[in-house]
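Visitor: This structure is in C-alpha cells; I'll ask about it shortly.
The values are calculated or read from the model by the stated rules, or taken from the named source; none is laboratory data. None of these values were measured; they are calculated from a predicted model. Note that we place each Cβ from the backbone using ideal geometry, even for glycine, and neighbour counts take in every protein chain shown. To get the accessible areas, we keep the full protein, side chains included, count just its heavy atoms, and leave off ligands, DNA and RNA. Shrake-Rupley method; radii C 1.70, N 1.55, O 1.52, S 1.80 Å.
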Amino acid sequence: MNKRDFLAASALAATLAPATVSAQTGLKGPALLTVTGLISPGNRGPLNPAIDQLMSKQKVTFDKAFVFDFAALQALPKQQIRPTVEYDGKLHSISGPLLTDVLHAAGATKQALHVFLRAIDGYVVPLSLADAAKYRYIVATELDGKPMPLGGLGPLWAVYDADRYPDMMAKSLAERFTFCPWGLYHIELRSSV
C-alpha cells in the first residue's frame, strides 16, 4: 500500500471508529470515563492496544468495560458540594453524580470492595467503596456551574466535600485532596487492594 492510500484508509478508519464505539455503547459523544474490573455486563469489549493508547501505556487491561460520555454522567442524579479547594484556598461549587451511583450504573458486582481511580497523568488512588460512600465522593463534571476543561481539573474529578468531615478538616488543605484525582478517566473495581 502506498503512503497516499494508507493515509486515506487511516482517515476513513478514524471517522468510522467513533461511530462504531458509539453504536456499541449507546453513547452520544466520546467516552470520558471507563469502568472496568468487577462489573457486569459492560457496554464495550476488551482493551484494544492500538486504539486505547493511553490505557495501554499505563498498563490497564480489561476484557469488558462500561463507558460513560458526558451526557450519560449528566443523566445520573447530580450532587452539589462546596469544599475549600486546595489550589486556591477558596470555596467552590462542584457538582456531578455520586461515585457510588456511577459504579452502580456501570454494573458493579457485590464482590467489588475497592476502587482504583486513575487520572490521565497515571496517578492512581486506591479507595475502599466504604470510604467512597462514607465521604460521598462525586465524579465532578462542573466547577462553579461550568464544565471542567481537559488541561484544568477536568473533564472529570473524583472529589468529596472535605469541609464536612472533622477527620479531614484536621488535615492540611493539600492532604485533604490526596485521594481526589483530577483528570479522572478510568476506574477499576477490585475485591482487594
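Visitor: Do we find a residue being modelled with pLDDT under 95, in a loop (DSSP other than H, G, I, E, B) and open to solvent by less than 50 Å² (accessible area, probe 1.4 Å) anywhere in the stretch 121-137?
Guide: First, pick out the residues of the stretch 121-137 that are modelled with pLDDT under 95: none.
No; the residues of the stretch 121-137 include none that is modelled with pLDDT under 95, in a loop (DSSP other than H, G, I, E, B) and open to solvent by less than 50 Å² (accessible area, probe 1.4 Å).
Visitor: May I pose another question? How many of the residues in the stretch 180-193 are in contact with a helix residue (DSSP H, G or I) (Cβ under 8 Å, 6 or more places away or on another chain) and not β-branched (Val, Ile, Thr)? Show your work before the answer.
Guide: So the first thing to find is which residues in the stretch 180-193 are in contact with a helix residue (DSSP H, G or I) (Cβ under 8 Å, 6 or more places away or on another chain), and the list is 185-187, 189.
Narrowing the set further to residues that are not β-branched (Val, Ile, Thr) leaves 185-186, 189.
Matching residues across the stretch 180-193 total 3.
Visitor: Test each condition in (1) surrounded by fewer than 16 Cβ atoms within 10 Å (Cβ to Cβ); (2) assigned to a loop (DSSP other than H, G, I, E, B); (3) of a type in the set (A, V, I, L, M); (4) at pLDDT 50 or above for residue 54 and report the one that comes out false.
Guide: For residue 54, the exception is condition (2).
Visitor: Can you tell me which residue within the stretch 58-96, out of those that are among the small types (Gly, Ala, Ser) and assigned to a loop (DSSP other than H, G, I, E, B), is most open to solvent (accessible area, probe 1.4 Å)? Can you show your working first?
Guide: Start the filter on the stretch 58-96 by keeping residues that are among the small types (Gly, Ala, Ser), which leaves 65, 71-72, 75, 89, 93, 95-96.
If we keep only those that are assigned to a loop (DSSP other than H, G, I, E, B) too, we end up with 89, 93.
Details: 89: 44, 93: 23 Å².
Applying the filter and picking the extreme gives 89.
Visitor: A follow-up question, please. May I ask you to list the residues in the stretch 138-171 that are surrounded by fewer than 19 Cβ atoms within 10 Å (Cβ to Cβ), assigned to a loop (DSSP other than H, G, I, E, B) and aliphatic (A, V, I, L, M)?
Guide: Within the stretch 138-171, 170 is the sole residue that qualifies.
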